[in-house]
Structures are given as C-alpha cells and as structure tokens.
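For reference, the structure discussed in these notes is given below.
Each reported figure results from applying straightforward, stated rules to the coordinates on display, with no laboratory input. Nothing here was measured: the structure is a model prediction, and the numbers come from that model. No Cβ is skipped: glycine too gets one built from the backbone with ideal geometry, and neighbour counts run over all protein chains shown.
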Amino acid sequence: MTADDLDLLYSDVEQDLRSAVRDLLTDRCPASSVLARCDSDTPYDLGLWRTLAVQLGLAGLLVPEKLGGQGASAREVGVVLEELGGAVAPVPFLGSAVLATSALLGCDTGDGRVAALLGRLASGESTAALAVPLSTAPGGAFPTGVRVDADGVLSGRVTSVADATVADALVVPAVGPDGPALYEVAADMPGVRIAAATPLDLTRPIADIEFEAAAGGLLAGARTATAALDGALLTGAGLLASEQLGVAQWCLDETVNHLGQRRQFGRVVGSFQALKHRLADVWLEVVSARAAARAAADALAKTAPDTALLVAVAQAYCAPVAVRAAEECVQLHGGIGMTWEHPAHLYLKRAKASEIALGTPGRHRAALAALADLPAAG
Amino acid sequence: MTTTDRTGPDAAELRRRVRALLDTHDPAATERLEFLRARFDAGLAWVHFPPGLGGLGAPRALQGVVDAELAAAGAPDNDPRRIGIGLGMAAPTILRYGTDGQRGRFLRPLWLGEEVWCQLFSEPGAGSDLAGLATRAVRDGDEWVVTGQKVWTSNAHNARWAILIARTDPEAPKHRGITYFICDMTDPGVEVRPLRQITGEAEFNEVFLTEVRIPDTLRLGEVGDGWRVAQTTLMNERMAIGGLALPREGGMIGGAVATWRERPELRTPELHDRLLRLWVDSEVARLSTQRVRQQLAMGAPGPEGSGMKLAFARLNQAISGLELELLGEDGLRYGDWTNNRPETVDFYGRDAGYRYLRAKGNSIEGGTSEILRNIIAERVLGLPSEPRTDKDVAWKDLPR
Ligand SMILES: Cc1cc2nc3c(=O)[nH]c(=O)nc-3n(C[C@H](O)[C@H](O)[C@H](O)COP(=O)(O)OP(=O)(O)OC[C@H]3O[C@@H](n4cnc5c(N)ncnc54)[C@H](O)[C@@H]3O)c2cc1C
C-alpha cells in the first residue's frame, strides 16, 4: 500500500464528532475535577462515562449496527481518543470500548454469548475489561496465567489490568484442555477478586485480578482465540497512538500558552529563542505524530495489508512524542510544573504509562525488524 | 479540509486522461520531448495548475496518481533533479504573481526542461537576513539596471533564467524596498563563477551582476512588493525540498536499508537499533508530507512546509551518517573529489560519502534549520519575535 491510498485527514463527520466530545469534556471534565478525583476513592467519572457511552453512543463505535453499535470505524475511535487524551478523562473507554470490544469482534459474532455481550457493551449497559496486563504487546505468545478446565471454571492471576475495577464483565484469555480460549467472566462472580493497584497513571487505574474456581462462559475456542486477542492488542496499540497525540497536543498548547504570558527579565519568556526552538521541535513532533496516528487508524479501519506495520510505526513514534511533550511541559512551567495542583503531572503520568502500555517503543521497533525486513545482527 | 470537498477532476478522471494520452502517444514510439509536450498540453504536467498551463485544476495530492501511471507505462519524465528550482520555486511564483504574458511565455519551457532556472536571492551580506540585500535595481525608462553580487547560486552555470530580488528603494525600511524580477542569464552583465563545495564539485556559484538590463515586462509583482512575492518562492522552496512525495523507503533511507539487507556481515545490534529508529522516523516523515499535501489540496504551502524541511534535513543527516558507519572500512573511501560542475542537484545519488557531505547543506539551503524554527515558533505557535532594531529603519541607514 502506498501512502496515497491512506486518508490522513479528518472528515467533516469526524470533526463533528470531535466537537461533540470536546464540548462535553470542556463542560464536565475540567482539569480541576480530574485532579480532585485522583485523591478520592472514585477515580473514575462514571457519570461522564455513561454520557459518553449511552448518550453519545461512543461505546459502540466499533460495533456493527446489526449488533447494536454505531457501525463506525477505528478512524472515529481515534478522534474520540485524541479528545479523551487531551482531557486525561478518567473513563474506561480504552479498556472497554477498544480492547474488550475488539477482542469480542474477533470472536464469532454469530455466537449468542458474543453477540449479547457486544450488544450490552455497545449500548453502554455493561462495561468490560480485557484481562491482560496493560503492558502486553501485540504479536506475543498467548498468556498462560489463567487456566480453564473442561467445565469452564477458571483459576489463575492477571496483574495490571486497565479499567478492571469498573468493569462488570471480564474478557479473559485462558488456556484450557484444547488450548487458548477467551472466556466471559462476570466481575461479581464468586471466585473473582479484583484488587486495585496504586497506578503511576492516576487517570487510568489498573487492578490485579485473581480467579479461584470462577465460572466463565466460552467466547472463543482454540480456533479463534489467539487471533482475536492479538487483533485486539493490535487495534488497541494503533489507537493508543491517537490518545498519545491528544496528550502531546495538550502539553504543547498549554506550554505555548504559559510561555506567552510568563514574564522574566523584563520580557515574555516565550520570546527567548532557546525556548522557541524547543517548542518548534515539539510542534514538529506533534504534527508528525498526527500523521502517524491517522495512518494507523485509517489502516485499521480499512484492514489494509500493512496494518501491523503502520501500527508498529505509530506506537514506536507517538509514545515517545507524548512523553517528551509532557516532560517539556513540566520543565518549561518551572516550579508550577512540579506541583500537584497544576495538571501537567497528570499528562506526564499518562504519557509515561502509555509508553509502556501495549508494547514499549522498543518492542514495536523489534516487531518492525520482521515487518519491514530489517533483520537483526548475527 | 476533508477529502470529499475537493474540486476538479478526481483520480479516476485523471487515470482516464493518462490512458488517453498514452493511446495517442506511445512512450516507446514517441520522441522524449514530443511526449513531454503532449503531456503538458493534456494538463498532466502539474495537475493542480490551471488548464492551459499544464494543469487541470485538480488537487495537488493527485499528482502522484498521474506520475505513478506514467512511470508504470514507461513514459519519460522531465528529469526534475535538473530543473528543481524552476519547478519548485520559479513556477509557483510566476503562477501566483505573473502576468498572463509571463505565464504563457515561461511555464511550458520551464516544465519541459528546455529552460533551466536558478535563484538569485542570497548575497554575501544577506543570507538568513535576506531582506537586508544590497543588489541595486535602478529604473531607466522601460528597463531596470541591476548591479550587485549574489552567492551560493545553485545551477547558475546551467541556467537560462533566474528569479532575482533586488533593492529598488534604499530609503524604505528593508522589507519594503525590494522588487522581484526575472533575469536573463545570457545578459552580457551576468558573470557566473563556480564555487567549489564540501563534496568537491561546484554545484553552486557566485554571480556578479554588472549593469544587467531587465525590461520592466520581466518584473514579477508590484515595485516594492518583492519581499511578499519572495515569500511565495521561499514557502514553495521549503515544500519542494522537504515535502516531496516518496514511496516507502524512498529518499535517504533507501540506500541505508539496501546496504543493510545486502551485507549481513556489517550488522551490529547498536546499528540495528539506530536503523530501526531512523526507518520509523523516515516512514513518519513520509506520512507527514503526504498529510500536508492532502491538506493543501490546491492551496499554497504555508509554514507547515518549514516543518517538513526541518525533519527532512535532520533525517538526511542522521541516515547518511549512519550509512557511513555501517559501511565500516568502505566508509573510509570517497567516490570522486574532482571539481565537476554537475548538471543536477542530487541529494541521494553517488556514494555514501557524497550523500553524507551533501546532506550538510540540507539544513542551510532554503532557510537554515534555526530560521525555520523561528518561523514555526512565531508564525505557527504565535510566540513573540526577538526584539528587533532594524525593522522600521530606512535600509540605507542600517549598520552593515
Ligand atoms: C547547498 C546550498 C545551496 C544553496 N543554493 C542557493 C541558491 O540557489 N540561491 C540562493 O539564493 N541561495 C542559495 N543558498 C544560500 C542559503 O539560502 C543561505 O546559505 C542560507 O539562507 C543561510 O545564509 P548564510 O549562508 O548567509 O548564513 P547566516 O545567515 O550568516 O547564518 C550563519 C548561522 O547563523 C544562524 N542564524 C542566522 N540568523 C539567525 C537567527 N535570527 N536566529 C538563530 N540563528 C541564526 C544560521 O542558522 C547559521 O547557522 C544555498 C546554500 C547552500 C548551502
């Protein structure tokens, strides 16, 4: 595929979607309220999540209409993630509407259980989490931490699962007598213990999950489970780039804004060339990240033949851009950047945790060695 | 802007027109220049130009479709490396500011490569601060008499015409006393002397202008408005250098990955990691320029082109440096230091040593990377400009 076949822009419909999400977040998700939540025992804003999922129908973007969703594509999901990243909105969109939903879409959607869960997720009635460590990269071996017996009873442990504490359904990769499988397990099922961990990223909590003879329902058997899981991780990784773009763009805008007002030495600090050049470099990286993220989203939407390659490129590129933009944001705010009160740290924590999420940049570069035929030494 | 609200012919229509051209002009049986003329007259030269001037008023991003179809059919191209300054800088400026007469006279032979162009902007005393230029143009009836010295003029030794900026009003502040001209390089007052460069050859020149007579009909834009006209040239120059449409692994990365694949004995883990990083950066730069072209559709390039050029220079320098290291012992050798006067400006040709050295110019030519960062910070991000003392002072009173 040549770049000429990729549509790297936003359609009018996508821009309308962006405006709707942005208006809602401006109204309901100001930095002050996100910050206040971090110190509370309700880190998620479930009211906001309901509005996004039910009223705006965003939970079902990836789900076909006949299964109760919006029948949109990864392109629209990317736009939503840009906005959610820009607000570090504490909602389980990535875990439920992207990761768990994509895993289900990789199962046989003609199956009653799969279709029913997809319908509940799409309508916003249920929220799900994909029970893998958030750090899991696409293309790896099928996880073996959870075993399932012939009766569909699960035992084992999964750590650092994103968005699990607010999920009522878990999509669990488990190894059974026939090999890899995906199971649906209700979060309140006896034998399921979900323990919140203390997360680096305050706005995307993680949890450790223990299964002790918990009853599950089969979603995918050996024939489809591996591909379904890997497809979900690939979709998640590719779309996480859009969220990282949103984080980076916020950090750039906020820093430009601050440096345009702060005065020292009788001048606006933003008139010092050393700082202008640093911001110009961040701008260039953000512009480039936008192209990379749009390419991944468009490729996922079209199931382009080089999707895996474009996802790896987007992750390898966008993750460090978000980190750098956030680091520059902290540094160029001076002392304020170091405070709990200023939201910059929320973005830094999100950026750094996202760099680890769904494969580090190094993992994605290693994947490219094979995808782009650049074999390692020796 | 979206992909749906474009005007002009779409990709399918362009493909149809290419087929029609190929039907009447079999590339295998048609003389090169004759084919190129037919292509120009069919509006398939630069599709975003207006009909009658080699285009069809189509989105700029669709040029790739035409180029790919023609290349696949084995059609000759207009050897863009030979005429880069004409295509990338003179043509868009003539299109925007030229009279009908100037457009009709110059654009066709320019695109066909019958007439090569060069750019007489930089001077010994005016590089980054181009608006400080000192070459004088004095009105004499229907003509202008131009005297001064230009420098770093790429390809002047092959050029038939030049785009030139000169000072017409020394009493005005520096940005306001400049006028833009088309200069005949065969005028007896034009003297071109080669300047040997870092690669050994003399791709650029110094150009001495002594009472060169330019008819007023070869003025581009209004008298005193040359700085504004020059902005069109400079924006397009940055886009032309940094915004070229490339296939995956096109450009500088192509040579490095070819060596990597062909010579496993040279590979080390450290070089592998750097190569993968640069491969990612190259692919992202390629996507970014594609995105800018999609955004431009038919409009003129803005400061985004500065960003593309900045990325291009950084990448070319990093990749060509890596390539020499990768070559190891072979990297100790250089192709040829002979002081040639090349026909083309070639960033990717010749050997790795040449590419490494030529890439050093990428962060200087067309505006240095420092100046481009200033432009991005001020015009895109809206940060305040440096305190300036020279802006409202008559040019003649500035310290030099
Ligand atoms: C290979 C090559 C081909 C060229 N071809 C042409 C051509 O065909 N036609 C033409 O007209 N010109 C051409 N040029 C000239 C080119 O445009 C100038 O060299 C360039 O604009 C820089 O000007 P200068 O050389 O006078 O350097 P200076 O302006 O003297 O710059 C010296 C250093 O100071 C830095 N600097 C200057 N001002 C600032 C500032 N405000 N802030 C921060 N840093 C600053 C610069 O970035 C640079 O690093 C070519 C140059 C090269 C290298």
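Points to keep in mind about this one:
- Computed from the C-alpha gyration tensor, the three semi-axes of the ellipsoid equivalent to segment B:331-400 are 38, 18, 10 Å, from longest to shortest.
- Averaged over A:360-368, number of beta-carbon atoms from partner chains that fall within 10 Å: 3
- Taking chain A as a whole, the Cys residues whose C-beta sits 4.7 Å or farther from every other Cys C-beta are A:29, A:38, A:107, A:318.
- Projecting label points 7 angstrom from Cα along Cα→Cβ for residue B:171 and residue A:189 puts them 9.0 nm apart.
- In this structure, residue A:123 and residue B:268 have a Cβ-Cβ separation that, at R0 = 51 Å, corresponds to a calculated FRET efficiency of about 0.40.
- 37 Å tail of the calculated P(r), chain A, as % of Cα pairs: 18
- For chain B, modelled as a GNM whose springs connect Cα atoms under 10 angstrom apart, the maximal fluctuation among B:186, B:389, B:210 occurs at B:389.
- Per-residue shielding of B:274-280, expressed as the average number of other chain Cβ atoms within 10 Å of the residue Cβ, stands at 6.
- The order of the peptides A:189-195, A:93-99, A:212-218 by mean Cβ neighbours within 10 Å, most packed first, is A:93-99, A:212-218, A:189-195.
- Applying a threshold of 31 Å to the alpha-carbon distances of A:349/B:360; A:66/A:302; B:150/B:360; A:352/B:309; A:276/A:352 flags A:349/B:360 as lying beyond it.
- Each 5 Å bin from zero holds the following percent of Cα-Cα pairs in segment B:3-82: 3, 16, 29, 27, 16, 6, 2, 1.
- Whole-Å semi-axes of the ellipsoid equivalent to segment B:200-349 (Cα gyration tensor, √5λ, descending): 37, 23, 10
- On the beta carbon distance between residue B:338 and residue A:263, with R0 = 60 Å, the FRET formula returns roughly 0.60.
- Simple spin-label estimate for residue B:364 and residue A:198 gives 5.6 nm between the two label positions (7 Å along the Cα-to-Cβ direction from each Cα).
- Set of aspartates and glutamates near residue B:174 by C-alpha distance (under 19 Å), chain-local residues within fewer than 8 positions excluded: B:123, B:129, B:222, B:225, B:386, B:390, B:392, B:397
- Semi-axes of the equivalent ellipsoid for segment A:83-160, Cα gyration tensor, largest first, Å: 23, 19, 12
- Helical mean residue ellipticity (222 nm; -39500 (n - 2.57) per DSSP H run of 4+; nearest 500) of the protein assembly as shown: -13500 deg cm²/dmol
- Our analysis of chain B gives Rg over Rh at 0.97, with the two radii drawn from alpha carbon positions and Rh computed by the Kirkwood formula.
- Along each principal axis, Cα extent of segment A:269-310, largest first, Å: 47, 14, 7
- Compared with the direct C-alpha span, the chain from residue B:225 to residue B:330 gains 32.6 nm at full extension, assuming 0.36 nm per residue.
- Full extension of the segment from residue B:12 to residue B:73, taken as 0.36 nm per residue of separation minus the current Cα-Cα distance, would add 20.3 nm.
- Pairwise label distance in nanometres, residue B:128 with residue A:222, each label 7 Å out on the Cα-Cβ vector: 6.8
- Choice from B:70, B:44, B:220 showing the highest fluctuation, given a GNM over chain B with Cα pairs closer than 10 Å: B:70
- Share antiparallel - DSSP beta bridges, the protein assembly as shown, percent rounded to 5: 85
- The three principal axes of the C-alpha atoms in segment A:1-151 carry coordinate ranges of 50, 47, 30 Å, sorted with the longest axis first.
- Debye-formula intensities of the protein assembly as shown, expressed as log10 I(q)/I(0) at q = 0.08, 0.11 Å⁻¹, are -0.75, -1.23 (one equal scatterer per alpha-carbon, no solvent).
- Sparse packing (at most 14 other Cβ atoms within 10 Å of the Cβ) combined with a DSSP loop state is found for the following GluC sites (Glu not before Pro) in segment B:67-118: B:114.
- Dimensions of segment A:130-224 based on its C-alpha atoms, expressed as ranges along the principal axes with the largest first, amount to 39, 32, 17 Å.
- Kirkwood Rh and Cα Rg combined as Rg over Rh, evaluated for segment B:74-113: 1.02
- In the elastic network of chain B, a GNM with C-alpha springs shorter than 10 Å, the most mobile of B:306, B:385, B:128 is B:385.
- 14 Å Cα-Cα reach of residue B:396 towards aspartates and glutamates, excluding residues that sit fewer than 8 places from it in its own chain: B:169, B:171
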